[in-house]
Amino acid sequence: MTFESNMSSDPASPEQQPSAQYRVAVFAVPDERETLVPILALIPGITAIDARVRLHDLPGVVPEHLDQETADLLVAKLHEVGVEAASIPEEELPKFARRPTVHHVRCLAEGLEFIGLGGATESVLPWEEVALVSIGDV
């Protein structure tokens, strides 16, 4: 099961913005997430409503492809409110595959048990195969 976002605007592809060669990685968010709305709204083509939607995907990599000036501005503004972030050239950014998002996980003796939205066990991953566990805000 994967998370699909229903953002009102799709991020522009690099082909649509030839000078857009940077991405912004946000490493943490403040308790008052709303302070990030006016900063995210600085992204060209993003409205305040879109910015609120983006809050649900943070921390993480902002999906828009940006020019260096815009990416650096966003990072500076994020730093001003105490949020750690970085402007990263796209060629240096690892290619992330969307991983499944599960509703619930249980730690069992035999491994991680993945529970779906309906409450049924979807699978059990043996501990020997676990490389990384990443936990996000709910």
Work out Dmax and Rg for region 47-89 from the C-alpha atoms and quote the Rg first, both in angstrom. 10.4, 27
Quick numbers on region 37-134, Rg and Dmax over C-alpha atoms in Å, give 18.0, 50
Find the relative contact order for region 33-92 and round it to a whole percent, using C-alpha pairs within less than 8 Å whose residues are 6+ positions apart. 30
Once both label points are put 7 Å beyond Cα along the C-beta direction, the Leu132-Glu92 separation in nm becomes 1.8
Using θ = phi - 60° and the Karplus form 6.51 cos²θ - 1.76 cosθ + 1.60, what ³J(HN,Hα) does each residue of region 116-126 get, whole Hz, x for Gly and Pro? x, 4, x, x, 8, 5, 8, 5, 10, 9, x
When all protein chains stay in place, what accessible area (Å², nearest 10, 1.4 Å probe) is found for Asp31? 150
HN-Hα J in Hz across region 78-94 - Karplus 6.51, -1.76, 1.60, θ = phi - 60°, x for Gly and Pro: 5, 4, 4, 9, x, 9, 7, 8, 9, 8, 10, x, 4, 5, 9, 7, x
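The values are calculated or read from the model by the stated rules, or taken from the named source; none is laboratory data. Given the structure is predicted, the values throughout are model-derived calculations rather than measurements. Virtual Cβ from ideal backbone geometry, glycine too; neighbours counted across all protein chains shown. Just the protein is used for accessible areas: all its heavy atoms, side chains included, with ligands, DNA and RNA removed. Shrake-Rupley method; radii C 1.70, N 1.55, O 1.52, S 1.80 Å.
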